[in-house]
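Only the coordinates and a few stated rules stand behind these numbers; no lab work does. Nothing here was measured: the structure is a model prediction, and the numbers come from that model. Here the Cβ positions follow ideal geometry from the backbone for every residue, glycine too, while neighbour counts run over all protein chains shown.
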Amino acid sequence: MTSTTNNSRITPIGGELDISLEDFLKPELNVGLTSGDKKSSLYLDTGRSAIYVALLNILERGGKREAWLPRYCCPSVELPFSKLGFKLNYYSTGCDLNTPCGLPEKLTGETFFFIHYFGKRNQALQKYLGVMKEQYSFFVIEDCVQALLTSDLGNYDYVVYSFRKFLPQPDGALLSYRFPLVECKLAPADEAFVSRKLIGKLIRFHSKNTLFLDLFAFAEKMIDEFSEPREISYLSKYLLTRANAEEISEKRRSNFFHLIKAIKQHSYDEELFRPLFTSLKPGETPLGLPVVINPAFRDRLRAHLANKRIFCPIHWPLEIEKDHFWRNELLLSHSLLTLPLDQRLDCPSLNYLLEKVTEFFNEAGVNN
């Protein structure tokens, strides 16, 4: 990654993973990107397509049109459930996303959906499901979208993976399943979506205007309203076979530990800025580093960093009615910001990121 000593940078930090000619010239690798004991898998265009196909299969197997979802999840997760007429119930995952409450005491034919957040294994819900599966018959969809490269996952009925958050490809998801899959005709890949994504990824670091941002925004808008499950594009499957999962995982873990160490050295006021978690277990590969920021400063800090070409996503802006039971979800929705630590970044890049965080709090007149 190119670094500079002043406040201007040639290369952005974070944002969409770009594609270069070198990515197409890499040799094909026989490196598996998923784990688990599934018998079969199906490649699709997006995670929501994978969820939709899983739900179709659950209904075919006699499952109820009723599901339990974490209240803290990407709004797009609900689209396949809604499209198929599922009644949705919600449970809380707590202020740390690992202390669930409001879980169903009994499950008989419903679908239970859970997420491994930010690459961390959701051990609390794995323990809960272990107990429930011994007593009741129901279906489980395991969401590994944020944990593509984390090992020892994917051991439930249906497992959803997505490649776009970890790899430089326009589309791509995988559904692994334990039961024979009901026949589902997939629509062809959306070439208009893929083309816009590809052009944006190719020109991102070589364009002085914001055309690539417009391309990304339009492409995402195209899939915001889920219509039908599609095949993965040939382009993305080609790139997928050339991704070195081991190297990517190692780099992301290394960047995580560098960021945590640097944050501790900066001694930020934890009321203003603190990591949601500070450790990784063996085999866990982070999506990014989620930090909890005082809600009065979160959006201002994000804008400040974007002005310095540091792009930090929000996982997720939720529309929840103010309810005491969902206070943790509401707080996280207004306070979480995900710092990038992807495989493109080096230590100077991460130091620059935190330098700009410190700069923001200094300019805001807040002691940190």
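Over all Cα atoms in the chain, the spread is summed up by Rg and Dmax: 20.5, 62 Å.
So which GluC sites (Glu not before Pro) in segment 123-190 are both in a DSSP loop and have at most 16 other Cβ atoms within 10 Å of their Cβ? It would help to have the intermediate numbers written out before the result.
Details: sites: GLU134, GLU142, GLU183; in loops: GLU183.
Loop-located and lightly packed - GLU183.
Filter the GluC sites (Glu not before Pro) in segment 281-336 to those in DSSP coil with at most 12 other Cβ atoms within 10 Å of their Cβ, and list the result.
Working: sites: GLU284, GLU319, GLU321, GLU329; in loops: GLU284, GLU319, GLU321.
Here the GluC sites (Glu not before Pro) that fit, given the DSSP loop and packing criteria, are GLU319, GLU321.
Axis angle, to the nearest 10 degrees, between helix 347-363 and the longest C-alpha principal axis of the chain: 80 degrees.
Measure up LYS308/LYS356; LYS26/LYS197; LYS197/LYS237; LYS64/LYS87; LYS251/LYS308 against 18 Å on the Cα-Cα distance and list the ones that go over.
Numbers: LYS308/LYS356 8 Å; LYS26/LYS197 20 Å; LYS197/LYS237 15 Å; LYS64/LYS87 9 Å; LYS251/LYS308 23 Å.
The pairs that break the limit, which is 18 Å between Cα atoms, are LYS26/LYS197; LYS251/LYS308.
Relative to the longest principal axis of the Cα atoms of the chain, the long axis of helix 245-266 makes an angle of roughly 50 degrees. Toward the positive end of the charge dipole of the chain, with +1 on the Cβ of Lys and Arg and -1 on the Cβ of Asp and Glu, the farthest Cα among LEU125, CYS73, THR278 is that of THR278. Result for the chain in a Gaussian network model with C-alpha springs under 10 Å: among TYR234, TYR161, TYR177, the largest mean-square fluctuation is at TYR234.
Counting DSSP beta bridges in the chain, what percent are antiparallel, to the nearest 5? Show your work: numbers first, answer last.
Values: 18 of 36 bridges.
Antiparallel: roughly 50 percent of the beta bridges in the chain.
For segment 69-161, report the translational diffusion coefficient in µm²/s to the nearest whole number, using Stokes-Einstein at 25 °C, 0.890 mPa s, and a Kirkwood Rh over Cα pairs. Don't skip to the answer; put the middle values down first.
Numbers: Rh = 13.6 Å.
The estimated diffusion coefficient comes to 180 µm²/s.
Our estimate of slack between LYS264 and TYR238, defined as 0.36 nm per intervening residue step minus the Cα-Cα distance, is 5.3 nm.
In a shell of Cβ-Cβ distance under 11 Å around PRO188, excluding PRO188 itself, what net charge do Lys and Arg (+1) and Asp and Glu (-1) give? Can you show the working numbers first?
Details: positive: LYS185, ARG230; negative: ASP45, ASP190, GLU191, GLU228, GLU231.
Net charge in that neighbourhood comes out at -3.
Ordered from longest to shortest, the equivalent ellipsoid semi-axes for segment 285-368 are 24, 17, 10 Å, each the square root of 5 times a Cα gyration tensor eigenvalue. State, to one decimal in nm, how far the label point of ARG327 lies from the label point of PHE257, with both points 7 Å from Cα in the Cβ direction. Each label point lies 7 Å from its Cα, and together they span 3.8 nm. Volume per residue for segment 143-183 equals 67 cubic angstrom (convex hull of Cα atoms). Our Cα-only numbers for segment 178-226 put the radius of gyration and Dmax at 15.4, 50 Å. Mind pulling the angle between the C-alpha long axis of helix 123-135 and the longest principal axis of the chain? Nearest 10 degrees, somewhere in 0 to 90. Approximately 0 degrees, to the nearest 10.
Considering only THR108, THR150, THR338, the mean-square fluctuation computed in a Gaussian network model of the chain, springs between alpha carbons under 10 angstrom, is largest for THR108.
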